[in-house]
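Novice: The structure follows.
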Amino acid sequence: AQTVTQSQPEMSVQEAETVTLSCTYDTSENNYYLFWYKQPPSRQMILVIRQEAYKQQNATENRFSVNFQKAAKSFSLKISDSQLGDTAMYFCAFMKLTQGGSEKLVFGKGTKLTVNP
Amino acid sequence: SAVISQKPSRDICQRGTSLTIQCQVDSQVTMMFWYRQQPGQSLTLIATANQGSEATYESGFVIDKFPISRPNLTFSTLTVSNMSPEDSSIYLCSAGGGTGRGGELFFGEGSRLTVL
């Protein structure tokens, strides 16, 4: 079974600064996706960024980027130029890929990020 | 992308009653899932809703307590049966998946249940 570990229950950052959220995972699978989801107080889960395990290049989406270390099973999220709207719960998630497509998401416990003005 | 609508968004229920949550997706999707989330906590998968067949339940969740239907590729229901205060939680529908969508799962806004 896959497990996802987020070791930082809470973090805070000043507006405009950079913050990195940590995530490690455990799996024996070779084909999988990794995700970071954001859940603001409104409760809506929003995809922040996705990484395919077969890709060596780290994914980036505007101010968000990941550091994917497959051998170390590490998948950290870097948020640059933090904005007040980035305040949310961030979940790291793992998805195994099968021939039929994708499977369930396994979530970490989350990191509560607060961006301070 | 896929837009997911859940109903009800919140409800207050009496102990011993049952409540059915509906999940409607605006496009056909491969996978549909039901998650439970306690306030401030992570998401725990209840089951995979299989189209045209019985749902696949995770350890700790049983069909008698959480019956699930999925009559087609865009709709699913989750019933929380014989509720107790321990069932007070947020229930989220998730849909999408498949390599064609890059594996992304989309989420409804959740249904917050309070059991008195």
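Novice: Return the tail of the calculated pair distribution for chain A, meaning the percent of Cα-Cα pairs more than 20 Å apart.
Specialist: 38 percent
Novice: Among B:ILE46, B:ILE21, B:ILE63, whose mean-square fluctuation peaks in a Gaussian network model of chain B (Cα, cutoff 10 Å)?
Specialist: Taking springs between Cα atoms under 10 Å, the residue moving most is B:ILE63.
Novice: OK, next. Work out the length of the dipole vector of chain B about its Cα centre, built from +1 on the beta-carbon of each Lys and Arg and -1 on the beta-carbon of each Asp and Glu, and round it to the nearest 20 debye.
Specialist: Details: 8 positive and 9 negative charges, 29 e Å.
Dipole about the Cα centre, nearest 20: 140 debye.
Novice: What nm distance separates the two modelled labels at B:SER84 and B:THR30, each placed 7 Å from Cα along Cα→Cβ?
Specialist: So the label points at B:SER84 and B:THR30 sit 3.8 nm apart.
Novice: List the lysines whose alpha-carbon lies under 26 Å from that of A:LYS96, not counting same-chain residues fewer than 8 positions away?
Specialist: Straight-line reach from A:LYS96, under 26 Å: A:LYS38, A:LYS55, A:LYS70, A:LYS73, A:LYS78, A:LYS104, A:LYS109, A:LYS112.
Novice: Express the Stokes-Einstein translational diffusion coefficient of the protein assembly as shown in µm² s⁻¹, to the nearest whole number, given a Kirkwood radius over alpha-carbon pairs, 4 °C and a viscosity of 1.567 mPa s.
Specialist: Working: Rh = 18.3 Å.
The estimated diffusion coefficient comes to 71 µm²/s.
Novice: Relative contact order, percent, of chain A when contacts are C-alpha pairs under 8 Å separated by at least 6 residues? Intermediate results must be reported in sequence, preceding the final value.
Specialist: Values: 287 pairs, mean separation 43.1, N = 117.
About 37 percent, as a whole number.
Novice: Another question about this same structure. Each label point is 7 Å from the Cα along the Cα-to-Cβ direction; what then is the distance between the points at B:ASN72 and B:GLU58, in nm?
Specialist: Those two pseudo-labels are separated by 2.9 nm.
Novice: So how strong a dipole does chain A carry about its Cα centre when Lys and Arg Cβ are +1 and Asp and Glu Cβ are -1, to the nearest 20 debye?
Specialist: Details: 12 positive and 10 negative charges, 55 e Å.
It works out to roughly 260 debye.
Novice: Could I ask something else about it? Which of A:GLN57, A:SER28, A:GLN83 sits closest to the plus end of the dipole of chain A, meaning its Cα is farthest towards the positive end, when Lys and Arg get +1 and Asp and Glu get -1 on the C-beta?
Specialist: The residue sitting farthest along the positive end of the dipole is A:SER28.
Novice: Can you tell which of B:PRO8, B:SER81, B:GLY60 lies farthest toward the positive end of the dipole of chain B, using +1 and -1 charges on the Cβ of basic and acidic side chains (Lys, Arg; Asp, Glu)?
Specialist: About the Cα centre, the residue reaching furthest to the positive side is B:PRO8.
Novice: Take every DSSP beta bridge whose two residues both sit in the protein assembly as shown, then give the antiparallel share in percent to the nearest 5. Can you show the working numbers first?
Specialist: On the way: 71 of 80 bridges.
The answer is about 90 percent antiparallel.
Novice: Viscosity 0.890 mPa s, temperature 25 °C: what is the translational diffusion coefficient of region B:49-116 from Stokes-Einstein with a Kirkwood Rh over Cα pairs, rounded to a whole number of µm²/s? Each step should come with its number before you reach the end.
Specialist: Numbers: Rh = 13.5 Å.
For the chosen part, D equals 182 µm²/s.
Here, each number is a calculation from the coordinates, and none is a lab measurement. This structure is a prediction, so every number in the text was calculated from the model and none was measured. Cβ sites come from the backbone with ideal geometry, for glycine too, and all protein chains shown count toward neighbours.
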